[in-house]
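Novice: Handing you a structure now.
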Amino acid sequence: MIAFVQVQPGKKKMIVENGLSIENDYNKKIGLWGINVKCISGFLSPEPIFGDFVAVRVDTESSYIANYDLWTAFQLTKNEELNKMYVNSIVNFKRYRFGEYRIPEVLILSSIKKEDVLDISEIKELSDRILSKNDQIYISCLIERITQNPNIAKYIVLNYFDQLSSSNREITKKVVEKGDSKLYIFIQEDRYAWTVEI
């Protein structure tokens, strides 16, 4: 498996010549199995990385995938519940279902030899195809989950049309009380109407 790892400016040449040491080059510590574990964090595509990076070949036996969006949310809020969700999202690479996470983070728990640091120019096109495929699969999985729960789908549709009507004068919203529920009617120029009952 190929992963892309962000590196400090100016260290790229040294990493290409020497590889990455889990002891010296780790860029994340996470609580796994009741202890803090050093990791080299990377991605399946270079798109989430700002700055210098290297492509590395990693062993799927000792690599894990996590939901990077949960990590980002935890870093921004310091909400421990999000940290627990992040840790619970970690699965061995072989158990990860492609498209399950919007931005899958690769957690490498071992050192990377210099022979496993790869020429990025040969890898970039492949990673772009993987990234676009992952986005398509992620959205398909998300839509499937939403359609399996009609209430969530209704709220998403309602929110979408609410946003549309607030930014577009051609679409107006009417709300009709209907017993214990409400019927939302969105009208575009007296020609089209969409309804949602919640």
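The values are calculated or read from the model by the stated rules, or taken from the named source; none is laboratory data. This one's a predicted model, so the numbers in the text were calculated from it and none came from an experiment. No Cβ is skipped: glycine too gets one built from the backbone with ideal geometry, and neighbour counts run over all protein chains shown.
Novice: Whether any residue in region 34-50 is of a type in the set (F, W, Y) and over 15 Å from E105 (Cα atoms) is what I want to check.
Specialist: No.
Novice: Just need a number here: residues in region 157-192 that are among the aliphatic types (A, V, I, L, M) and surrounded by fewer than 12 Cβ atoms within 10 Å (Cβ to Cβ).
Specialist: Counting residues in region 157-192 that are among the aliphatic types (A, V, I, L, M) and surrounded by fewer than 12 Cβ atoms within 10 Å (Cβ to Cβ) gives 2.
Novice: Now a separate question. Residues that are within 19 Å of V117 (Cα to Cα): list the strands (runs of 3 or more DSSP E) wholly contained in region 1-76 that include at least 2 such residues.
Specialist: Strands (runs of 3 or more DSSP E) meeting the threshold: 2-6, 35-43, 53-57, 63-67.
Novice: Can you give me the number of residues within region 163-173 that are touching a strand residue (DSSP E or B) at 6+ places or on another chain (Cβ under 7 Å) and either closer than 15 Å to R191 by Cβ or assigned to a helix (DSSP H, G or I) (or both)?
Specialist: Of the residues in that region, 5 qualify.
Novice: May I ask you to say which residue of V196, V175 is at pLDDT 80 or above, over 30 Å from F98 (Cβ atoms) and of a type in the set (A, V, I, L, M)?
Specialist: Working: V196 fails: at pLDDT 80 or above.
None of the other options fit; the residue is V175.
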